[in-house]
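Only one structure is covered here, and it is reproduced in the block below.
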Amino acid sequence: MEVIRKFIDANALMSIMALPEAFRNRKLEIIVLPTDEDTPVQQKADVEDVVQSLVGAIPYTGLTLSELRDERLGRYEAAN
């Protein structure tokens, strides 16, 4: 079994994953091991497929982007 062992600054890792505050400004040891599961890794979706899956998901209102922004801001300001 292949294993990777690295020492890394915790602050760099905190931007990737949540860590306890006690780890801040410390060196951490990272050990990477493969799992025993034979679950297949999901391949990246094709951009065209993703775009096509979104077509029609949001109804077309005919408003410009700035009109939509103003309408949403007005709606959210009223909620405060």
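Key figures for this structure:
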quantity: Sparsely packed GluC sites (Glu not before Pro) within region 3-71, loop by DSSP, other Cβ within 10 Å at most 14; calculated: Glu37
quantity: Listed residue (Leu28, Ser66, Gln43) projecting farthest to the positive dipole end of the chain, Cβ model; calculated: Leu28
quantity: Per residue accessible area in Å² of the chain, where ligands, DNA and RNA are left out and the probe is 1.4 Å; calculated: 98 Å²
quantity: Estimated 222 nm signal from helices in the chain, with DSSP H stretches of n ≥ 4 weighted -39500 (n - 2.57), rounded to 500; calculated: -10000 deg cm²/dmol
quantity: Cα Rg, Dmax, the chain, angstrom units; calculated: 22.7, 59
quantity: Net charge of Cβ neighbours under 15 Å - reference Arg5; Lys, Arg +1; Asp, Glu -1; calculated: 0
quantity: For region 49-54, Karplus couplings with θ = phi - 60° (6.51, -1.76, 1.60), whole Hz, Gly/Pro x; calculated: 5, 5, 4, 5, 5, 8
quantity: Carbon + sulfur, % of accessible area of the chain - ligands and nucleic acids excluded, 1.4 Å; calculated: 57 percent
quantity: Helix axis angle, 65-79 relative to the chain longest principal axis, alpha carbon, degrees; calculated: 80 degrees
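The values are calculated or read from the model by the stated rules, or taken from the named source; none is laboratory data. Not measured: the values here are computed from a predicted model. All Cβ positions, even for glycine, are placed from backbone atoms using ideal geometry, and neighbour counts span all protein chains on display. Heavy atoms of the whole protein, side chains included, go into the accessibility calculation; ligands, DNA and RNA do not. Shrake-Rupley method; radii C 1.70, N 1.55, O 1.52, S 1.80 Å.
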